[in-house]
Amino acid sequence: MTDESVDLMRRRIGFSNPTLRTGAIDDPWNIKATDDAVRRYSLCIGDDNPLYCDPEYAAKSRWGRVIAPPGFEKSMGLMRNAIPDPEEDRVTSKALRGVQLYHSGGENFYYAPIVEGDTLHRSRFVQTVEDKKSEFSGRSVIVTNGLCLWDQNDEVAVDGVDWFIHAERQNRGKKDKYVQDEPAWYSDEDLAEIEKAYDSEYRRGADTLWFEDVVVGTALPRMVKGPLTVTDLINLHMGAGWLIYGNWPNRLAYENRKRLRGFYTRDEFNGWDTLQRVHWDKEMAQKVGVRMMYDIGPVRQLYVNHYLTNYVGDDAWIHRVRFEFRRFNYMGDVSWLTGEITEARVDEVLGPLIEIRLRGTNQRGQENVLGEGTVLLPSRKHGPVKLPQRPAPTKHRAPGPEQRR
């Protein structure tokens, strides 16, 4: 990592981050939302909530139809990134190239349900580039990437930011705190505790959480996720697609490699494979300086989302979700999620709402995710939830027709 490379990334402010490229195919996993796509996505993240999976149940809810859970938007969004000057694009495309990056968190705002027939357009762009002190690597910077998704009517559905840490790759020394993390192992008693938590997982559903019934300081039910497996990761990709990177097979992998050469390395057979295999290939993970295979950021982001949707029920609206990833969530790890209500107020703009803070702790007793949620609630006095006013779409987007297909 050099000063020049960091400066190149700063020159990308307002335009796409060149380290977050889609490869040969830039269409999203879901070009249009459908009830069945929402069902598949929800099941593939481990959530069988009938509001997302059962049209008959959803038709009797206040929404009158299936709505997508927060996070489904990750599977959508026809690319409409702002287009830089061609020469500037060529020069700055090398910003932080070859530097390992880690998704460290983000914050999303939700304005309206995504429902059957919606087409979303997406712009992702660099907002800020800041130096960061890191115990894990050598020099590192954190890049804040803005995100905006708007529908076929040019109305914003979701906006927010994602944070990525770009860090020099290096071999971990004996003094590194992560070297002490031992692989997970569970006794029969440990597994019985996990299964008991699954058996008692709380989901409010149609049991309305009224604003007047909220007590600040209330401890929320505990939820468990894990032990994390490669199968869990496969399921996430089945439901949401490849997300940022398109790790396609066979000839499409070859076409991808033409565009993302630095994202492919030789495997044990001397063939080419995606660098994303750090998440399921232990040797590859160790080559980039991580002791074991680990999750992708959206795994814990969706843990936070699922925790919130289970607790607040069908009649609430989750407006804001903030998520911060702490340490690595290795294959085999368990996450125990707990939360509390930290505030309840009638906002002048948003109406009755609560603030929720939550945290995830792994089997080592280490904090691995922090989350916050701003949730709009129905009120006996003020009536049902009113959806937030939508902002204008970002100015950092390419011009073009709102309906591509």
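The values are calculated or read from the model by the stated rules, or taken from the named source; none is laboratory data. The model shown is predicted, which means the values in this text are computed figures rather than measured ones. Methodologically, a virtual Cβ is constructed for each residue, glycine included, from the backbone with ideal geometry; neighbour enumeration extends over all protein chains shown. Note: areas computed on protein heavy atoms with side chains; ligands, DNA, RNA excluded. Shrake-Rupley method; radii C 1.70, N 1.55, O 1.52, S 1.80 Å.
Could you check how much of the accessible area of the stretch 214-259 is carbon and sulfur, as a whole percent, using a 1.4 Å probe?
Ligands and nucleic acids excluded, carbon and sulfur give 59 percent.
Using a 1.4 angstrom probe on the protein heavy atoms only, line up Ser42, Ser16 by accessible area, largest first. Please list the in-between numbers first.
Details: Ser42 0, Ser16 30 Å².
The most accessible residue leads, giving Ser16, Ser42.
If you sort Glu367, Glu56 by accessible surface, 1.4 Å probe, largest first, the order is Glu56, Glu367. His237 contributes about 20 Å² of solvent-accessible surface, heavy atoms of the protein only, 1.4 Å probe. Only protein heavy atoms count here; on that basis, with a 1.4 Å probe, Asp314 has an accessible area of about 10 Å².
Only helices enter the 222 nm calculation for the chain: every DSSP H run of n ≥ 4 contributes -39,500 (n - 2.57), and dividing by all residues gives -6000 deg cm²/dmol, rounded to 500.
Kirkwood radius and radius of gyration were both taken over the C-alpha atoms of the stretch 8-48, and their ratio Rg/Rh is 1.20.
Percent relative contact order of the stretch 271-351, based on C-alpha pairs within less than 8 angstrom and at least six residues apart? In percent, rounded to a whole number, it is 24.
Where in the stretch 231-295 are there GluC sites (Glu not before Pro) that are in a DSSP coil and have at most 15 other Cβ atoms within 10 angstrom of their Cβ?
The qualifying sites are Glu268.
The distance from the alpha carbon centre of the stretch 64-104 to that of the stretch 3-49 is 5 Å, rounded to a whole number. Put simply, the Cα atoms of the stretch 1-94 extend 56, 25, 24 Å along their principal axes, the longest span coming first. Remark: the chain carries 46 Å² of accessible area per residue (probe radius 1.4 Å; ligands, DNA and RNA excluded).
Ignoring ligands, DNA and RNA, what percent of the accessible area of the stretch 1-147 is carbon or sulfur (1.4 Å)? Result for the stretch 1-147: 51 percent of the exposed heavy-atom area is carbon or sulfur.
The orientation-averaged projected area of the convex hull spanned by the Cα atoms of the chain comes to 20.9 nm².
Over 25 Å apart at the Cα level, from the set Lys225/Lys381; Lys74/Lys395; Lys225/Lys282; Lys60/Lys386; Lys196/Lys282, are Lys225/Lys381; Lys196/Lys282. Eigen-decomposition of the gyration tensor built on the alpha-carbon atoms of the stretch 214-304 gives equivalent ellipsoid semi-axes of 33, 16, 11 angstrom, largest listed first. Please compute, over every Cα-Cα pair in the stretch 193-351, the percentage with a separation greater than 28 angstrom. Pairs farther apart than 28 Å: 38 percent.
Relative to the globular-protein estimate of 2.2 N^0.38 Å, the Cα radius of gyration of the stretch 300-364 stands at 1.28. Cα centroids of the stretch 289-328 and the stretch 219-253: how far apart, whole angstrom? With the stretch 289-328 and the stretch 219-253 each reduced to a Cα centre, they are spaced 13 Å.
Distance between the modelled labels on Asp131 and Glu201, one decimal in nanometres: 4.5 nm (7 Å Cα→Cβ projection).
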